[in-house]
Each structure stands twice: as C-alpha cells, then as structure tokens.
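For reference, the structure is listed below as structure tokens.
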Amino acid sequence: MIRQPGSKPEVMGRRIHILAGLRALLPETGLITEPNLLKPYETDGLSAYRQVPLAVALPETTEQVAAVLKYCHQNGVRVVPRGAGTSLSGGALPMEDSVVVGMMRMNQILDIDYPDRCAVVQAGVTNIGITNAVSENGFFYAPDPSSQLACMIGGNVNMNSGGAHCLKYGVTANNLLGLKIVTIDGDIIDIGGAHLDAAGYDWLGLLTGSEGMLAIVTEVTVRILRGPEGARAMLAAFGSNEIAGAAVDAIISSGIIPVALEFMDRPAIHACEAFAHAGYPLDAEAMLIIEVEGSAEEQDRLLGQLSAICQRFDPLSLKVSQSPEESLAIWKGRKGAFGAVGRISPDYLCMDGTIPTSQLPHVLRRIQEMSDSYGLKVANIFHAGDGNLHPLIMFDANDPSSFHKAEEFGADILKLCVEVGGCLTGEHGVGVEKRDLMQVQFHAHELQQQREIKSAFDPDWLLNPSKVFPLLEPEAAGLPQAA
Amino acid sequence: MISEDSILATVADAVRAREPLLIQGNGTKSGMLRPVQAARTLSTAGLSGINLYAPKELIISAWAGTPLPEIEAALAASGQHLIAEPPDLSSLLGKTGKPQTLGGITASNLSGPRRVAWGAMRDHVMGVRAVTGRAEIIRSGGRVLKNVTGLDLCKLLTGSYGTLGVITEVTLKVLPAPDATGTLVLPGLDAAAGTAALSAALGSPFGVSGAAWLPQDAAARVPGLAGIGGPLTLIRIEDFAPSVLYRIGRLKDQYALPGAITLDTAQSRSVWADVRDAKPLAAGADDAVWRVSVRPSAGPGVLNALRASGTVGFLDWGGGLVWLAGPADTATHAAVEAAARAAGGVWTLLRAPDTLRGAVSVVPDEAAPMARITRAVKAAMDPGGILNPGRLYAGL
C-alpha cells in the first residue's frame, strides 16, 4: 500500500471557518461539503485508493479558481485539481485536509479558428468534445486517450495524455499552443497563444505533464488538424512475440509510419475476442493492428506494402480491411480491451511503462515469468510504434493479498522497463501509483531538482502535494516543504 | 575531446569562484539575443559523438558538441531525418568556419519550415543530460518515444539558451525521410491572399509540410525560383512519390490559379533549404533581424505594418513566422514589438549590434507573476546565476 501524508491539524481544526470562507467565493451550488456528496470525489481511475476530501469546489470562471487558490494559499489548505477523475495513477486522489477543485463546470468551447487551425476551450471540455465541435468541418483534435469520451482537456494537459495515434500525431504536449493558468497565489497567467513558437522559457512544455503540481489550468488553446481523406486498418497475426516484434521493426525500417501500430499478446487477443467478437485469430501468439491514412489509392498502396512486409514473417493470418466497417471491427476489440479484461477479471491494474521497442520480446518473456511466479494473469497491449506497454494485471479485490501481489507485480514490470532503458510511465502519469518508484528511474539529486522547480511555482507545496515525488518526512508529517 | 565530467568540473569551479560562464558550442549563435558578460567561456564543442542510433526505434542520441551536419549525415545514411528541419542561420549570424552543434540547436529551439506540420525541435527532444548551475549532472526524459515520468525538464532546457543548464547530451526522435518532395508555386498573390491560400492548404487533408509566402524581392533571392517573377506562395508535400504527385495535383485543382507551377524533388529540396535558412531575407550588413511568431492569419498585417519602418521580410509557417530585416535602431525595434504585440504574438531579436541587443527586450518581457516564477526557476537551476547571465533577460 502506498502511504498518504497526515492531515494538517491546523486546517482540520479550522474546517468550519475554512469552508465558510470558500463558500463566499463560489456560486451557490459551487461548494460541496456534505459527506454523501463528497463520496464520488474520494477516488479516481485508481480506485483502490480512496480518501474523502475536506470539500469540493466547482468554480465556473477562471476568476473563481483564482479566488479559491488565493484563499487556500492564505489558509495553508492543500488543493487537488480534478477533471473527470479518469486518472489511472491516482493523480486526483484527495487528501483528508484538501480541497478538490473540480473543473467540470468550466466546459465551454470559447473559440474555434479554422484559418489558424486552433481552438480555445475551457479545462472541463472533454477530449472528444473538442473533436465533436470541429468534426463537421473535417477537423479533429489528435490525442485520443482511451478515456476520451470522459476525460477532460485540463487533465490531458496535466498528464500529457497520449493515445493510439501518437506515432504520427504526437502526444498532448505536441498539440498545444497556449494555456491560461492560475498560480497558488491566485495570479492568472496566459502562456503562449495562437502562435506556434513562444519566446523565452517553454512554460507550456513544463506545465504539460506537471500533474497539477505547478498551477491550475483553466483554458487551453489546442491545435486542430484537418482529418485525412480516409483511414483503413489491417490485422496481422504471428506465431510468437519475437516474430511480431521483428515485423514491427521491418515496418518502421521500410519508411512507412503507420498512423497506429498496436500489438496484442495472446491473453489480450483472447480476452478481446471473447468480448467483442471482432474475428481475432485465437491461434496467434501475437497480433498487430496497423492503420494507414490517405486517399483510397494511397491506402491500397500502403496496405499492400505492409502486407508484403508482414508476409516475410510467416503470418498466421493477414486481414486487410476493405471498408470503414471492417476497420471499425478490427479496432473494436482493441478499443474494448479494458472492458474485455474486466469480464475475465473484475479487478485489474492497468500499467503503463515504455520500453525500447527492440526489448519487446525480452520484456514480454520476463512479464510471463513474473505472471507465473505471482500466480496472477496478465494481458499485454502495446503501442508498438512508440514502445508504450500496457500490461493489465488481473487480481481479486476481495482478497487483499491478491491486490498487494498485483501491486508488487506491477512495480516489478515498471522496474524492468527502466532496467531495459525505458521509463515508468508513457502516458498515464506518476500520480500516487508510481510515486515511490521514482527512485528507480531518477537519482536523489535529480528528484530534488524537480522538487525545487515545483517549489518555484508553489513554495508551500499546496498544489497536489504527495503526488509524483516520494514523500519526504516534513511533507509526510503535513508540514510545508523547505525550498 | 573533452568529457562530461570536465564540463561538470568547470561549472563546479565557476560556482565556487562565483564567476559567470559564457556557455556555447561552436558559438554560431552567439550573435543572437543579448550579449553575455562573462570572464570565462565553456564550450561543449569538444564533447562530440553519436552515442546511440537505433533507426528501428526512431531514436538518436549524441553529445551536445556533435556537429549537426554529422548527425544529419548519419540519419541520411539510414534514410531518416531530423523532423523539425532545423535551419542553418550562418548566412545571417555570420560564418564562424565551424558547424552548429546539436547542443546549440537544442538550446535555441530553432525549427525550419516543417515546424508548421510536424512540430518544433522541442517536440522531438526525448531526453537530455545537462550540468546545472548547482554543478550536478541531471537527466530528464530518456531514450524512448513516450515518457511522462516526472517534470519535463527536456522542454524547460530546450530553448533556454544555456541559462538553466549546460546541455551535454540530447536524444531526439527521428523519422524516415520522405521519398519525394513536391512544391506547388502560386504566383501573383499578395501577402493576405497568399496566406489565405496557405491556410486552405494547411487545412486540407493532404498533409502539407511547408507553407511560405515570399514577396517579389525575396523570391528573386532564391535560385530555385529564379525567373518565375512576382510574389510567390509555396506549398510543400513530402511523402512517397505517387502520393506527392497525387496530392500536389489535388491542391493545384483546388486553387485553379493560372500560372501555378510545380517543382520536382530536387528543385523543391533546394528551394525549401533556402527558405529554412532565411536566404530570401534581404538583410543588409548593418541590419537587425527579427523573427516574429503570430497567429498565421496575422502574419501579412505584421509584415505590411512594418514596411513603413523600413523593414523587409517574408512569411513561413503558413504566415505564422514573420522574418524581418531592417534598421538596427531602437525605433525600429519598438515598431516590431508593437506590431507583434498588436497581433497577439511574440518577437525574437535574432541579430543586432551589441548596443541594440543589450538595450532592448530581445524577447517579450513576462508579466510580473510569470517573471517572479522565472526568477525562482532560474534560482532553482542556477542559484549562483553563473550560466549565461543576461542571455534572455537583463539581470537574469
């Protein structure tokens, strides 16, 4: 279990006074304090960890966010920013003495500018909401995390979310132009804008992926892109992880960069097929979903070349989609992977490490050995083009020892990712989940350097503390950090 | 050849002695931004060499002092390229007889025409090693393509001009170089009409990877465009050869402009290398040079507004990058600032005599709350203020 810091007695002791102060800053229904109404905010996508906060603030404007932060700063109250609560790493897990600032009421699209290919949206707009707003003109917002129906752009910025199409379109950081942020002092700052290159330091880059530790994001200027003429997928099944890995290498070496290149191992194929009936090959050890874009002729040509490459690796089956419907069917299983695994096992941990792609066969072999030794099943889904691995570890939440084993298994996988030259998290963020593993990837002085940068934004460590960095004793005891 | 440890030792000495250091590679960009007053110079040029190149993993890692041409050659040998198409600005910044380095192009975050579609240098820096002003070697990122582990100091260090840390190693994402390149040249459109055409192209499904507008004089400076005449609007496609042919054809039909011509791969590569390196800019020996970054549709307005101040220029990035050359005086600089600000954009004073660049804001000053954070971050990375003091902001 991951340790949480203790509450600040001076905050808990002044609870009633603090809540009254906050209430005065927000609209009538903008502050939640009743225990039964606070319950939905006690956890996020990492539901094994729960803590009801002091209160939930639901601001409707940037100015209200600023007033809340200024007040919390003056009163030494910790603040946990929250979008849709879909974080898989516990990024929005409250502390007992914290105020959650929920961004869901700031859900307006403020401006869409097609000639300049950008849109200004509030932090509580959902990821898919941006694409929906521009799709009638053939545009889209590129990053597409699996949770895109629910997750909010403010959370995407804070976690630097990815998706299945990063190989071509990049992650959140590559698709942003500007931010409006509120500091813990209550200052409102505009970063970037509708232009491509900012001058001075890259605050946009630093804030992206900062997990709510530096500021609260209230508005985001995103790049919107015109969609391709069309897209089509193919499916290739192979006799071993090694062979499928070699096929991935050959594809990249050919100069073709597919818009998506997804890898599923045998357990993942079986789970997804049972769930989605997508026609996945059950005799395969590994399967690739490859998607290309362009005109119909361009798709034909690229899929033909990709088929020829796959043919060199004795595929067990090769299915090139002939229509958008068939492409949809090929993706259906992959996109339903979480639900599919959820049917086999009610509880699972979704891990998120990145490895050099050449290490894939080795890493999958080691994960299987760990699975055997822990006695827990695992299914692997992998963004093969960019090395982002998602092992789904199945466990039984009714059995505490099963959960602890799953956590240890997950930690072992992430340590392995670092050992082979990769990292702890490719797109889910560190949150509380991987906080204590940061020492595996970073030296103490490197973590200290990152902490000092947080202190530059938030000297009293009030913004989403106890995330990302291993707890230091003063923080664990609920005392302000020394800079 | 020097080692990373010797750079660490030099920084540690400077920290102890409280003596500022001028940080550079081969110094090809020392004319940019503000001049640095430092007793000693620390060059990373001797820390050179490619440490890792995994074409199948789209990753290259090299010491900061590695000449950029050496990296480009290694990539070309495997059919790959640097995604952001970084420019060689030696024709503007003066030839030093030495090539720019990987560390220099990273520390300055300079990107070429492809930036409009595929992102800047900072978008492809996957990992960095640097010696901070605390005299510590820190790492951020790594050698994989997707990494959100901890604060992204890669982005903070990229474009920080050596003021937060001495970058010692850079790991970049690379991509297969396109088979073919094609350019659609639309003659005769003024800046506003040209930018509108570029917007339409960039908003098309055809994957445009270059979008520039050159006034007549600027176009005449590009050998590959000689003889066409008039202002030129340039639209580039990079892809497999059949796709280039198809996409250029579709774009050409879309505009149906009389006189539109297409350039083949060799012509296109030569023309876009010139655009990348700002060759169309008629910068006199005594002129100052600015880059202004604005929303693309505002580019023509900035260009036109500043003509009265005696500047010339051209547009890249679909109108969003305004290259300007003009009198190196505070009045012209003030006009550039005002035009950029009015368009909601930012300026960078790329080249000017020390008297000018030491006296004006070479990049926009930050609002007070942000400037406070900037000072605190600088203090967190370089508590003694010894790394390139004053390079970006006076007194920092």
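Each label point is 7 Å from the Cα along the Cα-to-Cβ direction; what then is the distance between the points at B:SER6 and A:LYS415, in nm?
If labels sit at B:SER6 and A:LYS415, their model points lie 3.9 nm apart.
Taking amide H positions as placed in the peptide plane 1.01 Å from N, state which residues far from A:ALA260 in sequence (5 or more) or on other chains have amide H under 5 Å from it.
Result for A:ALA260 returns A:GLU291.
On a 0 to 90° scale, report how tilted helix B:191-202 is relative to the longest principal axis of chain B, with both axes built from alpha carbons and the result rounded to the nearest 10.
Taking the Cα atoms of chain B, the angle to B:191-202 is about 80 degrees.
Excluding B:PRO369 itself, calculate the net charge of residues whose Cβ lies under 10 Å from the Cβ of B:PRO369, where each Lys or Arg counts +1 and each Asp or Glu counts -1.
-2
Defining a contact as two alpha carbons under 8 Å apart and six or more residues distant in sequence, what relative contact order in percent does chain B show? Present the calculation step by step, with values, prior to reporting the outcome.
On the way: 908 pairs, mean separation 75.9, N = 396.
Relative CO of chain B lands at 19 percent.
Taking +1 at the Cβ of each Lys and Arg and -1 at the Cβ of each Asp and Glu, which of A:SER401, A:HIS270, A:SER146 sits farthest along the dipole of the protein assembly as shown towards its positive end, judged by Cα position relative to the Cα centre?
Result: A:SER146, furthest along the dipole toward the positive end.
Which angle between 0 and 90 degrees, to the nearest 10, do you get for helix A:62-74 versus the longest principal axis of chain A when only C-alpha atoms count?
It works out to around 60 degrees.
For the pair A:ASP314 and A:THR61, what calculated FRET efficiency results from E = 1/(1 + (r/R0)^6), where r is the Cβ-Cβ distance and R0 = 60 Å, to the nearest 0.05? Please list the in-between numbers first.
Details: r = 61 Å, r/R0 = 1.01.
So the FRET efficiency works out to roughly 0.50.
Summing -39500 (n - 2.57) over the DSSP H runs of n ≥ 4 in chain B and dividing by its residue number, what mean residue ellipticity at 222 nm do you reach, to the nearest 500 deg cm²/dmol? Let's see the in-between values first.
On the way: 15 runs with 132 residues, N = 396.
About -9500 deg cm²/dmol.
What FRET efficiency would be calculated for the residue pair B:ARG372, A:LEU37, taking the C-beta separation as r and a Förster radius of 45 Å, to the nearest 0.05? Walk me through the numbers before you get to the answer.
Working: r = 37 Å, r/R0 = 0.83.
Using R0 = 45 Å, I get an efficiency of 0.75.
Sort A:ASP144, A:ASP372 by Cβ crowding within 10 Å, fewest neighbours at the top. Don't jump to the answer; show the numbers that get you there.
Numbers: A:ASP144 20, A:ASP372 11.
With the sparsest Cβ surroundings first, the list reads A:ASP372, A:ASP144.
So, in chain B, how many Lys pairs have Cα atoms under 15 Å apart, if the pair is 8 or more places apart or on different chains?
Values: B:LYS29/B:LYS95; B:LYS29/B:LYS98; B:LYS56/B:LYS173; B:LYS95/B:LYS279; B:LYS146/B:LYS155; B:LYS146/B:LYS173; B:LYS155/B:LYS173; B:LYS155/B:LYS378.
Final tally of qualifying lysine pairs is 8.
Evaluate the charge dipole of the protein assembly as shown about its Cα centre and quote only its size in Debye, nearest 20, assuming +1 on the Cβ of each Lys and Arg and -1 on the Cβ of each Asp and Glu. Intermediate values should be presented prior to the final figure.
Values: 71 positive and 88 negative charges, 241 e Å.
Magnitude of the dipole: close to 1160 debye.
Can you tell which of B:GLN80, B:GLN100, B:GLN24 shows the greatest fluctuation in a Gaussian network model of chain B with Cα springs below 10 Å?
Maximum among the listed residues: B:GLN80.
Would you please name the trypsin sites (Lys or Arg not before Pro) within segment B:84-133 that are DSSP coil residues with at most 12 other C-beta atoms within 10 Å of their C-beta? Write out the running numbers ahead of the final one.
Details: sites: B:LYS95, B:ARG114, B:ARG115, B:ARG122, B:ARG129; in loops: B:LYS95, B:ARG114.
Of the trypsin sites (Lys or Arg not before Pro), the ones in loops of segment B:84-133 whose Cβ has at most 12 other Cβ atoms within 10 Å are B:LYS95.
Rounded to the nearest 0.05, what FRET efficiency do A:ALA296 and B:LYS95 give with R0 = 41 Å and r taken as the Cβ-Cβ distance? Could you check? Mind dumping the intermediate values first?
On the way: r = 50 Å, r/R0 = 1.21.
The value I calculate is 0.25.
Please compute the modelled spin-label separation between A:GLU10 and B:ALA359, points set 7 Å along Cα→Cβ, answer in nm with one decimal.
5.1
How far is helix B:4-17 tilted off the main Cα axis of chain B, in degrees rounded to 10, range 0 to 90?
60
Which whole-Hz couplings ³J(HN,Hα) result when phi for each residue of segment A:89-97 is put into the Karplus expression 6.51 cos²θ - 1.76 cosθ + 1.60, θ = phi - 60°, listed in order with x for Gly and Pro?
10, x, x, 10, 5, x, 9, 4, 9
What are the ³J(HN,Hα) values, in whole Hz, obtained from phi via the Karplus relation 6.51 cos²θ - 1.76 cosθ + 1.60 with θ = phi - 60°, for each residue of segment B:75-80 in sequence order, with x given for Gly and Pro?
Result, rounded to whole Hz: 5, 4, 5, 10, x, 10.
Would you mind working out the magnitude of the charge dipole of segment B:15-140 relative to its Cα centre, with +1 at each Lys and Arg C-beta and -1 at each Asp and Glu C-beta, to the nearest 20 Debye? Intermediate results must be reported in sequence, preceding the final value.
Numbers: 14 positive and 8 negative charges, 93 e Å.
Charge dipole, segment B:15-140, about its Cα centre: 440 debye, nearest 20.
In a GNM of chain B with a 10 Å cut-off on Cα contacts, which of B:LEU151, B:LEU324, B:LEU214 has the highest mean-square fluctuation?
B:LEU151
Which length gain, in nm to one decimal place, applies between A:ASN75 and A:ARG50 when the Cα-Cα distance is subtracted from 0.36 nm times their residue separation? Please report the intermediate quantities before stating the final value.
Working: separation 25, 0.36 × 25 = 9.00 nm, distance 2.44 nm.
This chain segment gains 6.6 nm when fully extended.
So what's the net charge close to A:ALA284: Lys and Arg +1, Asp and Glu -1, counting the other residues with Cβ under 15 Å from its Cβ?
Values: positive: A:ARG266, A:LYS319, A:ARG334; negative: A:GLU242, A:GLU262, A:ASP265, A:GLU273, A:ASP283, A:GLU285, A:ASP314.
With Lys, Arg at +1 and Asp, Glu at -1, the neighbours total -4.
Can you list the trypsin sites (Lys or Arg not before Pro) in segment A:311-342 that are in a DSSP coil and have 16 or fewer other beta carbons within 10 angstrom? Numbers along the way, then the final one.
Details: sites: A:ARG312, A:LYS319, A:LYS332, A:ARG334, A:LYS335; in loops: A:ARG312.
Hits after loop and neighbour filter: A:ARG312.
Under the definition of Cα pairs under 8 Å and six or more residues apart, what whole-number percent is the relative contact order of segment B:180-276? Mind showing how you got there, number by number?
Numbers: 160 pairs, mean separation 43.0, N = 97.
That works out to 44 percent.
Working out 0.36 nm times the residue gap between A:ARG366 and A:ALA274, then minus their Cα-Cα distance, what length gain in nm do you get to one decimal?
Numbers: separation 92, 0.36 × 92 = 33.12 nm, distance 2.58 nm.
Here the segment from A:ARG366 to A:ALA274 would lengthen by 30.5 nm.
Below 8 Å between Cα atoms, with a sequence gap of 6+, how large is the relative contact order for chain A in percent? Spell out each step's value before the answer.
Working: 1039 pairs, mean separation 74.3, N = 483.
Reported relative contact order: 15 percent.
Charges only on Cβ, +1 for Lys and Arg, -1 for Asp and Glu: so what's the dipole of segment B:288-357 about the Cα centre, in debye to the nearest 20?
Numbers: 6 positive and 4 negative charges, 23 e Å.
About 120 debye.
Distance from a point 7 Å along Cα→Cβ of A:ALA20 to each backbone N in segment A:61-87: keep the residues under 19 Å and list them by number.
A:68, A:71-77
Along Cα→Cβ, 7 Å out, is where each label goes; now give me the distance between the ones at B:LEU257 and B:ARG40 in nm to one decimal.
With each label placed 7 Å out from Cα toward Cβ, I get 5.6 nm.
Using modelled backbone amide H atoms (1.01 Å from N, in-plane), which distant-in-sequence or interchain residues come within less than 5 Å of A:ALA199's amide H?
Answer set, sorted by chain and number: none.
From the backbone phi of segment A:262-272, what are the Karplus-calculated ³J(HN,Hα) couplings (6.51 cos²θ - 1.76 cosθ + 1.60, θ = phi - 60°) in whole Hz, Gly and Pro given as x?
Once rounded to whole Hz, the list reads 10, 10, 10, 8, 3, x, 5, 4, 5, 4, 5.
Read the figures in this text as sums done on the coordinates, not as results from a lab. It should be emphasised that the depicted structure is a prediction, and the values quoted were computed from it without experimental measurement. FYI the Cβ positions are ideal-geometry reconstructions off the backbone, even for glycines, and counts take in every protein chain you see.
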